[in-house]
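Notes for the one structure printed next.
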Amino acid sequence: MNKLFLVLALLITSFGFAQKPIFATAKVKAATVYFNAAELQQTTSVNLPVGTSEIVIKNVADYLNENTVQIGAPSSVTVLSVQFTQNYISEYEIDESNPTIKKVRDSITLVQKDIKKVQIDVYSHQQTIALLDENQTVAGTNSGLNVAELMKLVDYYKAKRTELDNAIVVLQEKEAKFTKKLKDLNEKLIINTQKEDKTSKGKLVIQVMNEIAGNVNLDINYITNSATWNPFYDLRVDNVKDPINMMYKAQVIQNSGIDWKKVKLTLSSGNPNQNNQAPLLSSWFLRYQEEGKDYNYYRGNAYEKLSAVENKIQGRKEKSNSYKYADTTANYGYESFADGDISNYTTINENQLNVSFDIDIPYDILSNGKAHSVALKEIKLPATYKYYAAPRVDKEAFLLAEINDYSKYNLLPGEANIIFEGLYVGKTNINPNQTADTLNLSMGRDKKISIKREKVVDKSGTKFLSSYKEQTFTYDLTVRNNKKEEIQMILKDQYPLSTDKEVTIELLDDGKAKVNAETGILTWELKLAPNETKKIRISYKVKYPKDKVIDNL
């Protein structure tokens, strides 16, 4: 019996010696945002006793790469383990002032007591059965019992054993029901606690060993994939004699689950998630082609199909991104310093593998999935302006800005708004990842330049020569400058080319253009004074078998 009481005492008292965790809320101090991830720097402080403690840090990202978590602590603190979870719940962090949570918590306490009572009853019955079994053995070896007494003892043992076994079955069923009820109540408690908790779902559970009791500051670093940024630009041109006023901006989006309030922001073109393992070459063995199979054909065909799929996907991405950032929320920064120079608050670091922008102005980036506009730098781009037109494709003139030595501006691929002469005229794309020495920016259409491309009917026609058909095409290109200043224009047209020896093409009149015989492109560099009109005539002849039809002439 002493053994029974000892076990019951341990069972009852073991519930009261669980270590109480220490809770702390982390604050975002700085964020480095990459194109597809962000590195967050957070801080918190905790009051630690001497010895081993469990710290639960709230308000970390909902999703993070657990392998990237770094904890900075004083030398007197040893970090034993770090675990990330979204489902941590503890009786020590429950807000008892909330009536709903308190009601659920009280119900959990009552159910836990009921489970303890059932467990104690089951254990008591089991120990009683053990005593009966032991007594039966003793009685069986006692030769002093007569048959009648022995039969009475057997009947008592059988009845009592059956009674206790049945009672244990009932108690176990009762315990199972209580356990299920406790599970449901705990889930309800988690849901209500998360509703009440204004912080994120993510938590870091840290085991530490401390040598000196007192307040300890902790630095927390990790990478989350729940943030992105994209560069974009505002291009303002007052007239074609002045440089381009470029506002270098960024659109930052984050869904980390925590709001970044007044954080030091850094934007980087790097990619922390990419594979940094250098590729290795293995032996390359030649082999004969199996009969009936053309590996080059299948490989080429597969490559073409893959390229087509990739182009289709890229097209969808570009299409989906066209109005992706329409809902843009401005924060600290550009509006506050509109009369100054935002460039004074941004430091550009050009590293070996990437470019980063360190911003000294504190920003609020809310975790709402919306684009937040961040001003980075104002740049004056010296530009040479020319107009461009290809009237065979489009009857309007486009203003082009040529930028020399553009690599020094650390431009990244992105979309740009064009504001020309105080009016918004549309969007263009900036692509600095090219090999040309000059960056050409399309600044939009200019309605003040009139362009016509008309077929000259009396100089065009068809002739039939025995087995061949000969068609002549003549066009007049007319350009008029309706602006108040002189303009320079690049005008382009073309004549067709043939890959069939039965089809011959002759350029009859090139209009004094620069002719590229390999591409069939005709180029004119024109200067037009205000209200000046220029007319250019081109003509070419196509000869091909009269029983054939060319459908793209």
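Of the strands (runs of 3 or more DSSP E) contained entirely in region 475-553, those carrying at least 3 residues that are of a type in the set (Val, Ile, Thr) fall at 533-545. Filtered by the rule that a residue be outside any loop (DSSP other than H, G, I, E, B) and closer than 18 Å to residue 260 by Cβ, region 51-67 gives 57, 58, 59, 60.
Condition test on residue 49, is it touching a residue at least 12 places away in the same chain (Cβ under 8 Å) and touching a helix residue (DSSP H, G or I) at 6+ places or on another chain (Cβ under 7 Å)? No: the conditions fail for residue 49. Would you point out the residue of region 392-445, among those that are under 28 Å from residue 350 (Cα atoms) and of a type in the set (Ser, Thr, Tyr), that is most open to solvent (accessible area, probe 1.4 Å)? For region 392-445, the residue satisfying everything is 435. With respect to residue 219, determine if the residue is modelled with pLDDT of 95 or more and more than 21 Å from the chain's Cα centre (by Cα). In short, yes. Number of residues in region 254-274 that are open to solvent by 10 Å² or more (accessible area, probe 1.4 Å) and within 14 Å of residue 230 (Cβ to Cβ) equals 2.
The residue pairs whose first member lies in region 442-467 and is at negative phi and part of a loop (DSSP other than H, G, I, E, B), whose second member is crowded, with 17+ Cβ neighbours inside 10 Å and of a type in the set (A, V, I, L, M, F, W, C), and whose beta carbons are closer than 7 Å, counting only pairs six or more residues apart or on different chains, are 460/473. Taking region 460-504 as the range and being among the β-branched types (Val, Ile, Thr), in contact with a Lys or Arg (Cβ under 9 Å, 6 or more places away or on another chain) and within 26 Å of residue 523 (Cβ to Cβ) as the test, the residues that pass are 472, 474, 478, 479, 487, 490, 503, 504.
Looking at region 503-553 only, could you name the residues that are open to solvent by less than 70 Å² (accessible area, probe 1.4 Å), hydrophobic (A, V, I, L, M, F, W, C) and without any contact (Cβ under 8 Å) to a residue 24 or more places away in the chain? 515 - this is the single residue of region 503-553 that is open to solvent by less than 70 Å² (accessible area, probe 1.4 Å), hydrophobic (A, V, I, L, M, F, W, C) and without any contact (Cβ under 8 Å) to a residue 24 or more places away in the chain.
Looking at region 31-74 only, could you name the residues that are open to solvent by 30 Å² or more (accessible area, probe 1.4 Å), of a type in the set (Ser, Thr, Tyr) and closer than 13 Å to residue 219 by Cα? 43, 45 - these are the residues of region 31-74 that are open to solvent by 30 Å² or more (accessible area, probe 1.4 Å), of a type in the set (Ser, Thr, Tyr) and closer than 13 Å to residue 219 by Cα.
Every residue, every condition in (1) of a type in the set (A, V, I, L, M); (2) under 29 Å from residue 449 (Cα atoms), yes or no:
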| residue | (1), (2) |
| --- | --- |
| 494 | no, yes |
| 497 | yes, no |
| 514 | no, yes |
| 527 | no, yes |
| 537 | no, yes |
| 551 | no, no |
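When the strands (runs of 3 or more DSSP E) confined to region 330-403 are screened for residues that are touching a Lys or Arg at 6+ places or on another chain (Cβ under 8 Å) and at pLDDT 90 or above, those reaching at least 2 such residues are found at 355-365, 371-381, 384-389.
The values are calculated or read from the model by the stated rules, or taken from the named source; none is laboratory data. Given the structure is predicted, the values throughout are model-derived calculations rather than measurements. Counting neighbours? That spans all protein chains shown, and the Cβs are built from the backbone with ideal geometry, glycine included. Areas reflect the complete protein model, heavy atoms only, side chains present, ligands, DNA and RNA absent. Shrake-Rupley method; radii C 1.70, N 1.55, O 1.52, S 1.80 Å.
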